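Here the structure is laid out as structure tokens; the discussion comes afterwards.
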Amino acid sequence: MKHIGILAHSAEGATLCYRTAWMEGVRRLGAHNHPEITLTGTAMYQALDAWERRDLPSLRALFMGDARKLASAGADFFVLPDNTAHIALEAPGEPFPIPCLHIGEVVADQARADGRRRIAILGTSWTMEGPVYPGAFGRRGLAWEIPDEPDRKIIHDIIFDELCLGVFTEASRAEYVRIIGRMAERGCDAVALVCTEIPLLITGDVSPLPILDSTRLLAAGAVDVALGDRRMPEWRGGPL
């Protein structure tokens, strides 16, 4: 089995990814068995100023340091369970020491496999307005939509003020359900939950649209790679 590295950026998303990966291992391999997993990550606090400045080289350097730790620990590849972080990973720069399984590619592959045609994108403002998912969906001929600006602000503020801090409220869930409902009215046939904490708030039983859970899809994809059921990724950062 391949050794999975998890490069944490936001704590709740990375924790969910880790737990999902070992549970997927147990489901497929039997009790108490799963691929080797190493998790590391610098506190997201260290990156927030760089995000506000859109300083992608500094962010990339931060992730490079953690990727080198994973490589030194023996990881064969890594996943970064933070969708926004992939904006920095896709920026030009030095190749990462080990390949990365790209979260957007995993989600877009699943959307295509499910026969989706127009996907609503819910995540941080940076992710909703950024290039990662338009690129991933566009490479597969899939259409996409983002909420209007006031709703994008609601989504973003709940992520940073609540979800990333482990706070989950019924009022915030109701706001997300309302926004997803509006996206359904605009013709979307699925919603991509592309902040890795959103799946802790929104599940398939409350969402007005079928969900694409980026966190759990990435974790399952990592186990597929580790067990040889998915090709080893070759991407080491930079433009796709």
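List of remarks:
- Cα-based shape type of the stretch 11-151, given that a ≥ b ≥ c are square roots of the gyration tensor eigenvalues and the cut on a/c is 1.5: oblate
- Label zone of residue 168 (point 7 Å out along Cα→Cβ, amide N under 15 Å): in the stretch 199-221 this covers 199-207, 213-216.
- Additional length obtainable on full extension of the chain from residue 1 to residue 157, 0.36 nm per residue less Cα span: 52.2 nm
- Pairwise centroid distance, computed over Cα atoms, of the stretch 205-240 with the stretch 16-31, Å: 14
- Placing a label point 7 Å from the Cα of residue 139 along the Cα-to-Cβ line, the residues of the stretch 75-100 whose backbone N sits under 20 Å from it are 77-100.
- Computed FRET value (nearest 0.05) for residue 91 with residue 68, which takes r as the C-beta separation and R₀ as 22 Å: 0.80
- Prolate/oblate/rounded call for the stretch 103-214, Cα gyration tensor, a/c under 1.5 rounded: prolate
- C-alpha center-to-center spacing [the stretch 98-172, the stretch 40-95] in angstrom: 19
- Structure-based [θ]222 nm, the chain - -39500 (n - 2.57) summed over DSSP H runs of at least 4, per residue, nearest 500: -14000 deg cm²/dmol
- Exposed loop sites, defined as GluC sites (Glu not before Pro) outside DSSP H, G, I, E and B with at most 16 other Cβ atoms within 10 Å, are absent from the longest region of the chain, namely 37-161.
- Residue 114 versus residue 231: modelled label distance in nm, points set 7 Å from Cα along the beta carbon direction: 2.4
- Remark: relative contact order (the stretch 103-214) = 34 percent; criterion is Cα-Cα distance under 8 angstrom and separation of 6 or more residues.
Taken together, the values in this text are just the output of simple stated rules run on the coordinates, not laboratory data. Keep in mind it's a predicted model, so treat the numbers as computed, not measured. When we count neighbours, we look across all protein chains shown, and the Cβ atoms used for this are built from the backbone with ideal geometry, even at glycine.
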